[in-house]
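These notes concern the structure reproduced below.
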Amino acid sequence: MTDLTVDADKAPSALQNLQRRTAPIVDAVTGESRVASAGRFVGGTVVFLVVVEIVFKLSLNNLINGIALGSLYGLIAVGIILIYRTNRIINFAAAAVGAVPAIFALLLDVQRHIPYLAVLPIALIGGPLFGALTDILIMRRFAKSPRLIATVATLGIAQGFAALGFFIPIWIGARAGQIPNVPTPWDGFQINDGRGQPILTGNQIAALLVTVVVATSLALFLRYTRIGIALRASAENSDRASLLGIPVKRVQTTAWMLAGLLAAIAIYFQSPLIGVPNNATLGFDSLLYALAAAVIARMERIGLALAAGTGAGIIEFGVVSQKGKSSLVGAYMLVVILGALLVQRKSQARAHDAGGSSWDVVKSFRPIPAELRSLPEVNAARIALYTLAAVVAVGLAFVVPEPDLPKLILLPLYGMVGVSLVVLTGWAGQISLGQFGLVGIGAAAAGGLVANHGADFFVATFAGILAGVVAAVLIGLPAVRIQGLYLAVTTLAFAYACSGYVLDKTTWFGSWLLPRGLVQSFPRPLLYGRIDLEDDRNFYLVCLAALVLSMLAATAFRKNRSGRVLIASRDNQRAAPAYGINLVRTRLAAFAVSGGIAGGAGALFAYAQHQVIPGSYSVLQSIIVFLAAVIGGLTSVPAAVLGLVTLQAFTLFGPNFYQGLGQDFVSIVPLILTGPLLVLNLYQYPGGTAEVLFARRDNFLRWVARRHNLMVPSLIADRLVEEERTPDDDELIVEAERHVEEAVAVGTDAAVLCPVCGEHLTLVDAAEHEHLRIGSPA
């Protein structure tokens, strides 16, 4: 059997049809697009360079540095596009897949003094190998999962590779972050200007040449190889490609291998320019530039992605040369991403929409059946659970030692962030990787009012809520035009913009919003003249009350019409308007509610810390809280809160118990919890811990129903399916799946015998055979 079951010799028309339908993917690389498109590209490039020169006044060396580094960002962006086109997910592990072998090879060069070119094969072989293993061992398990869950799995994969990348330098005897650059054979080559300043260096030339060679090779691969044509066909519509006999799984593995190769090459050749990355995730900052390039290219046009990545590198060097720090680049990337999304057309190909529409939902859980809600056993169980939760939550204030109470205060605030994520991601289907950016804005608004103007506690808290609402709605505006997975990129850029610009006192916005003066600390108030919030125990109870109120508000929002139309809009955004649902208003309402809860948590964060500490609202915190909410269960408020509070409690209080194992172990624990364990949890329980809890609840409800001789169809139907299924049934299912796979793979084998001429035909050829067409002569 050949790699592509549509044989070029036997079915030239099918092959030509595939090439014709998928040619636009390669046109951007090969330069075979229309003259008008090329003219627009050249004109846009000229305008961009003029604007960059006016804003940043870049020197020629910095401009070339930006082009060289940005072209490598473009390679990672191409890997993101390949995975999106074949899997319909945004791959947040795009850089991490190739980072591990690249870091290993680079450290062998630096620490063990093995020549730079001698260790290059490690990256070239390791990148595709890690990509293939990632797809075969992990991503295939999520092939039928919601796109949101599969995308979250890539975040877990990135965290897992980060854990591995953390240990590689230790094993070799160095820390990657302490290595400023990597020596190369062409270090000594450079072209200087008249003043002796370098204009072009050997490392820059190497990066540019590698980008050109890789892009050209990729274009030729996609156009002229069987698996490349199959990849393009699968990218257009995987279901249709599967029906044509194309091995979609093999094609997707090839895409992951290419993504790993591109990431490994990019990281390997960018290290002489900016140093070895600190870990396998590249700190998510370099990944942000690649994601921005992929979004600008609409996850389709490879050539535009390379150009956009180059532009991101130029902007990065422009910001660094002008401001002296790279933390402000995130704000520029946010503006670029928002602009790109807002000017892009809202519509998409029918094939793309058909291929992904069934993946848009996340696992939901049924409420207690109406016929059981008033029974005494159910009411007693509900009261017992509520009482137990209240006793544990309140009792912790009197059990935890006084020095650890400041840590305890943070737990209900993290729980509020979990509630906000349930509203935005679990119910609205919009992935938010910048939730702590909203928390930081709420903290800045409340803390600034208190420190600068002595605002009342409730006024400051309301200001934090309002600031969170406004910021969330502004970030949510692109969601009116785009789908939820794209928003993940926007919110990630928003998180960087908040930490690098909004919460930076040296910027105009930060100087206006944040507390002024050298002394930024402010006291907690005396509430109602009798409740001293400076007492950590009292303030913890106030934060706990705020968590309960946010949970009640979110639950009420879900039960009324707003919540119901939100779920309908998430599950089928095309059918919802037919029932009079306004998608714009519904989505923005979800952003407003989520932002308000996060902003309120931010206001309490500022009071908890007596100041606004920018480092407390980092991008890493946003990633961790999102993954923790996924572990708990994104569609259940109590489960998400439980998951997030448990993880944060382990992070905050865990070092008290395992500090003796070493600082390295303390640093690696969050990566392990949100990496390999997250992937395992998603594979076993896609609905998170909530899936286990609700299964236990349903077992209890079945017992209650049997006790009262009640027929509850929803519970009994599930039970009958579980009881009737036997091991023999499982074997039959496996055997049936094997026969289906064999039938799909029959593409190039002789499966049909023509009764007229006796020719052996494939299923594809049979449809076009002159003796088998409808109406053909016998």
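The values are calculated or read from the model by the stated rules, or taken from the named source; none is laboratory data. All values reported here derive from a predicted model rather than from experimental measurement. All Cβ positions, glycine included, derive from the backbone under ideal geometry; neighbour counts span all protein chains shown. The area values use the complete protein model at the heavy-atom level, side chains included, leaving out ligands, DNA and RNA. Shrake-Rupley method; radii C 1.70, N 1.55, O 1.52, S 1.80 Å.
None of 611, 621 is under 29 Å from residue 92 (Cα atoms), open to solvent by 30 Å² or more (accessible area, probe 1.4 Å) and in contact (Cβ under 8 Å) with a residue 24 or more places away in the chain except 621.
If only one of 546, 556 is of a type in the set (Gly, Ala, Ser), farther than 24 Å from residue 397 by Cβ, assigned to a helix (DSSP H, G or I) and modelled with pLDDT of 90 or more, which one is it?
Values: 546 fails: farther than 24 Å from residue 397 by Cβ.
Among 546, 556, only 556 is of a type in the set (Gly, Ala, Ser), farther than 24 Å from residue 397 by Cβ, assigned to a helix (DSSP H, G or I) and modelled with pLDDT of 90 or more.
Screening residue 137 against (1) more than 14 Å from residue 264 (Cβ to Cβ); (2) in contact with a helix residue (DSSP H, G or I) (Cβ under 9 Å, 6 or more places away or on another chain); (3) without any contact (Cβ under 8 Å) to a residue 24 or more places away in the chain leaves a single unmet condition, (2). Within segment 62-82, the set of residues being polar (S, T, N, Q), modelled with pLDDT under 90 and in contact with a Leu (Cβ under 9 Å, 6 or more places away or on another chain) comprises 65 only.
Residues are listed down the side, and each one gets a yes or a no for (1) touching a Gly at 6+ places or on another chain (Cβ under 7 Å); (2) modelled with pLDDT of 90 or more; (3) under 30 Å from residue 146 (Cβ atoms):
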| site | (1), (2), (3) |
| --- | --- |
| 609 | no, yes, no |
| 613 | no, no, no |
| 624 | no, no, yes |
| 635 | yes, no, yes |
| 647 | no, no, yes |
| 651 | no, no, yes |
| 656 | no, no, no |
| 664 | no, no, no |
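Taking helices (runs of 4 or more DSSP H) as the structural unit, those lying wholly within segment 373-470 and holding at least 3 residues that are at pLDDT below 90 and out of contact with any strand residue (DSSP E or B) (no Cβ under 7 Å at 6 or more places or on another chain) correspond to 435-453.
Taking segment 200-270 as the region of interest, the helices (runs of 4 or more DSSP H) fully inside it that hold 2 or more residues being modelled with pLDDT of 85 or more, open to solvent by 20 Å² or more (accessible area, probe 1.4 Å) and farther than 29 Å from residue 62 by Cα are 202-224. Could you give me the residue pairs with C-beta distances under 6 Å whose first residue belongs to segment 287-298 and is charged (D, E, K, R), whose second residue is surrounded by 24 or more Cβ atoms within 10 Å (Cβ to Cβ) and part of a helix (DSSP H, G or I) wherever it lies, and which are 6+ apart or on separate chains? Close Cβ pairs satisfying both conditions: none exist.
Could you tell me whether residue 120 is over 17 Å from residue 286 (Cα atoms), open to solvent by less than 10 Å² (accessible area, probe 1.4 Å) and either out of contact with any Lys or Arg (no Cβ under 7 Å at 6 or more places or on another chain) or at pLDDT 90 or above (or both)? It is false that residue 120 is over 17 Å from residue 286 (Cα atoms), open to solvent by less than 10 Å² (accessible area, probe 1.4 Å) and either out of contact with any Lys or Arg (no Cβ under 7 Å at 6 or more places or on another chain) or at pLDDT 90 or above (or both). Scanning segment 307-357 for residues that are at pLDDT 80 or above, exposed (fewer than 15 other Cβ atoms within 10 Å of the Cβ) and more than 21 Å from the chain's Cα centre (by Cα) returns a single hit, 322. The set of residues in segment 93-125 being farther than 20 Å from residue 249 by Cα and either of a type in the set (Asp, Glu) or not in a helix (DSSP H, G or I) (or both) consists of 109, 112, 113, 114, 115, 116, 117, 118, 119.
Taking segment 381-398 as the range and being free of Cβ contacts under 8 Å to residues at least 24 places away in the same chain, farther than 18 Å from residue 547 by Cβ and not basic (Lys, Arg) as the test, the residues that pass are 383, 384. Looking at this structure, is residue 128 in contact with a Lys or Arg (Cβ under 6 Å, 6 or more places away or on another chain) and in a helix (DSSP H, G or I)? When the stated conditions are applied, residue 128 does not pass them. Considering 576, 590, the condition of being hydrophobic (A, V, I, L, M, F, W, C), open to solvent by less than 40 Å² (accessible area, probe 1.4 Å) and more than 17 Å from residue 472 (Cα to Cα) is satisfied by 576 alone.
In segment 520-533, the residue that is modelled with the highest pLDDT out of those that are within 12 Å of residue 608 (Cα to Cα) and surrounded by fewer than 12 Cβ atoms within 10 Å (Cβ to Cβ) is 523.
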